[in-house]
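Here's the structure, in structure tokens; my notes come after.
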Amino acid sequence: MNKLFCRTVLLCSLFSFPAFAENVILMIGDGMGENHLKCAQQDKPLYIQTLPVMGKVHTYSANASITDSAASATAYSCGKKTNNRYLGKLPDGTDCLTIAEELITKDFSVGIYSTDYSTGATPSAFYAHVLDRKEAEKIKEYKNKVASSMDIVVPVKKISDMVTPKLNKLLNESGKKGFFAMFEGAKIDTESHKNNIKKMKKELYDFDYAIMKAANFVYENPDTTLIILADHETGGLNDNCQYTTTNHTAADIPLYAYGKNADLFKGVQDNTEIYQKIKKILLQ
């Protein structure tokens, strides 16, 4: 075969295959503490506990030792501590640029999916900027504003039904550098506020099934990092699988990671560091 032809074919092949994109999947089990996992696995094994990297996360907010979902999710989305009830705003009331908003400007695909209500705090923290999480109309305005640039589906019935189709959708969007996806299992928190351990386990099992699907995606797409954590612990669940409060607690929450950059998430860290590490993976 002609040497020039062979060289040309080789060069064409080198430049015809796209570079692997960096992707991040952030999965938030709202209210999920260490004992939620321990109690749930008494009935059946949990996939999450087979993942190779483990850590813990401090969750306090700017104005309280016990955070709410708004402040904690804002720490994840903006990398800054803020006051309870604030979404996408700093303690002085100024807006913070969220990781989702920044990634849109850098040609990444972004997806936000949750079983929470349509203006729930955790998903809204990635695209809304309000001083009170109850400002539903303002949150809806922000949501509508970004609907053309982010794939937002809130609420969904089962988070496990969303993972595979939505990850494939984000992966296959043309002209994108990669993607960021946030999946929230919100009702682990809801049932823990009610101290209903049976229903809490049901919600956690579906979240765990969603994690397994996400991990399978990472296995098939090795330039993807999967991070699983909570925004806070709810219910003060003790070693005897009994709730001790109907509110949030200041307990550190568990973190699990899998994929290319999983080792970044080992050990004890503040919730603001999650943003910094996601940004390092995708933008640095």
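VAL53 sits with roughly 10 Å² accessible to a 1.4 Å probe, with DNA, RNA and ligands left out of the calculation. Kindly express, to the nearest 10 degrees and within the range 0 to 90, the angle between helix 197-220's C-alpha long axis and the longest C-alpha principal axis of the chain. Tilt of helix 197-220: around 10 degrees.
For PHE217, the accessible surface of its heavy atoms amounts to roughly 10 Å² (probe 1.4 Å, protein chains only, rounded to the nearest 10). Among DSSP beta bridges whose residues both lie in the chain, state the antiparallel percentage, nearest 5. DSSP beta bridges in the chain are roughly 30 percent antiparallel. The eigenvalues of the Cα gyration tensor, multiplied by 5 and square-rooted, give the chain an equivalent ellipsoid with semi-axes of 34, 22, 16 Å from largest to smallest. Estimated purely from DSSP H runs of n ≥ 4, each contributing -39500 (n - 2.57), the mean residue ellipticity at 222 nm for the chain is -11000 deg cm²/dmol once divided by its residues. Within the shell of other residues whose beta carbon sits under 9 angstrom from the beta carbon of THR115, the net charge comes to -2, with Lys and Arg scored +1 and Asp and Glu -1.
Rounded to the nearest 0.05, the FRET efficiency derived from the C-beta distance between MET212 and ALA147 at R0 = 22 Å is 0.15. The distance from the alpha carbon centre of region 21-56 to that of region 86-126 is 23 Å, rounded to a whole number. Per-residue 3J(HN,Hα) values for region 235-244, derived from phi via the Karplus relation 6.51 cos²θ - 1.76 cosθ + 1.60 with θ = phi - 60°, read x, x, 4, 9, 5, 8, 6, 10, 6, 10 Hz in sequence order (x marks Gly and Pro).
Computed with every protein chain present, the accessible area of LYS134 is close to 130 Å² [probe 1.4 Å].
Let me confirm the definition first: pairs of Lys residues in region 184-282, 8 or more apart or on different chains, C-alpha distance under 12 Å. How many are there?
Here the count comes out as 4.
Relative to the first principal axis of the alpha-carbon coordinates of the chain, what is the inclination of helix 271-283, with its axis defined by its Cα atoms, in degrees from 0 to 90 and to the nearest 10? Roughly 10 degrees, rounded to the nearest 10. Solvent-accessible surface of protein heavy atoms, probed at 1.4 angstrom with all chains present, puts SER192, SER149 in the order SER149, SER192, largest first. Computed over the chain, relative contact order equals 32 percent, with contacts defined as Cα pairs under 8 Å that lie 6+ residues apart.
Shown here are the Rg and Dmax of the Cα trace of region 117-203, at 14.9, 47 Å. Accessible surface comparison of THR82, THR94, probe 1.4 Å, protein chains only, largest first: the order is THR94, THR82.
3J(HN,Hα) couplings calculated from phi for region 76-82 with the Karplus curve 6.51 cos²θ - 1.76 cosθ + 1.60 (θ = phi - 60°) are, in sequence order, 5, 7, 10, x, 10, 5, 9 Hz; Gly and Pro show x.
The values are calculated or read from the model by the stated rules, or taken from the named source; none is laboratory data. In this text the structure is predicted, and so the values were computed from the model without any measurement. Neighbour counts run over all protein chains shown; Cβ positions are idealised from the backbone, glycine included. Only protein heavy atoms, including side chains, enter the accessible area calculation; ligands, DNA and RNA are left aside. Shrake-Rupley method; radii C 1.70, N 1.55, O 1.52, S 1.80 Å.
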